[in-house]
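The values are calculated or read from the model by the stated rules, or taken from the named source; none is laboratory data. Given the structure is predicted, the values throughout are model-derived calculations rather than measurements. Neighbour counts run over all protein chains shown; Cβ positions are idealised from the backbone, glycine included.
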Amino acid sequence: MARQVFRFAVAIVLVVLTVIAAMLWTAEYDSSPDPAARFEVQSARLTPDRDFVWLEIHLKKSGEENHSLERLVHLVTNDGIEQDPADTTFAGTPEEGFTDIWYKFWLEQADLEGELVLKINEGELIIKKSQARPLLGDGDERVFKSSDWEKSWLGF
């Protein structure tokens with residue numbers, strides 16, 4: 001009898017782990033990104049650095065039209081302040097088009113309260129739609145796979 005209960009418990013654990021893995025694998029950051037932005041958000045990573053934080057945003061090309069290098073990119077905080085990227089990394093070539101872009105922003109902890117919106121090309125992408133500021137300890141790094149940063153510890 002104990003062996004059957006153990007087998008059943010193992011089967012339940014395997015099913016739960018498979019469902020969680022499938023959710024992580026297929027998770028979308030935003031189910032309806034702005035097509036004018038030409039990219040969609042894949043993830044956002046927060047890394048604390050003293051009283052500040054690095055926010056790295058990974059974008060993937062979502063349409064046929066290429067990224068415009070002539071248009072400036074800004075992260076708009078809840079206060080309406082536009083932040084310029086501190087660093088930008090491109091995957092691909094300017095001739096063939098960029099397939100992925102990583103923008104890195106140097107922010108104060110207070111900038112993380114409220115919504116964050118990325119203005120890119122002619123569109124806007126929601127980076128964070130929850131109001132509360134995420135809690136970060138020294139050396140902690142958090143990766144978000146959803147624009148709702150409070151939703152769960154899994155990032156969906």
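With respect to the conditions (1) modelled with pLDDT of 90 or more; (2) surrounded by fewer than 16 Cβ atoms within 10 Å (Cβ to Cβ), I127 lacks only one, and its number is (2).
Figure legend. Inter-residue proximity from segment 110-132: first residues without any contact (Cβ under 8 Å) to a residue 60 or more places away in the chain, second residues part of a strand (DSSP E or B) and among the acidic types (D, E), beta-carbon distance below 7 Å, spacing 6+ or different chains. Indicated pairs: V117/E124.
Counting residues in segment 86-94 that are assigned to a loop (DSSP other than H, G, I, E, B) and out of contact with any helix residue (DSSP H, G or I) (no Cβ under 8 Å at 6 or more places or on another chain) gives one or more.
Rundown of residues vs (1) more than 27 Å from D140 (Cβ to Cβ); (2) among the polar types (S, T, N, Q), yes/no style:
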residue	(1), (2)
P35	yes, no
E56	no, no
N66	yes, yes
E70	yes, no
H74	no, no
P85	no, no
T89	no, yes
G97	yes, no
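Taking segment 40-65 on its own, how many of its residues are surrounded by 19 or more Cβ atoms within 10 Å (Cβ to Cβ) and not in a strand (DSSP E or B)? Total meeting the criteria: 0. Only one of the numbered conditions (1) within 15 Å of A36 (Cβ to Cβ); (2) touching a Gly at 6+ places or on another chain (Cβ under 9 Å) is violated by L59, and that is (2). Checking A37, A2 one by one, the residue that is under 28 Å from D148 (Cβ atoms), among the aliphatic types (A, V, I, L, M) and modelled with pLDDT under 90 is A37 and no other.
Yes/no matrix, rows are residues, columns are (1) closer than 14 Å to P85 by Cα; (2) assigned to a loop (DSSP other than H, G, I, E, B); (3) under 13 Å from the mean Cα position of the chain (by Cα):
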| site | (1), (2), (3) |
| --- | --- |
| K104 | yes, no, yes |
| L107 | yes, no, no |
| K119 | yes, no, no |
| L125 | no, no, yes |
| R133 | no, yes, no |
| L136 | no, yes, no |
| G139 | no, yes, no |
| V143 | no, no, yes |
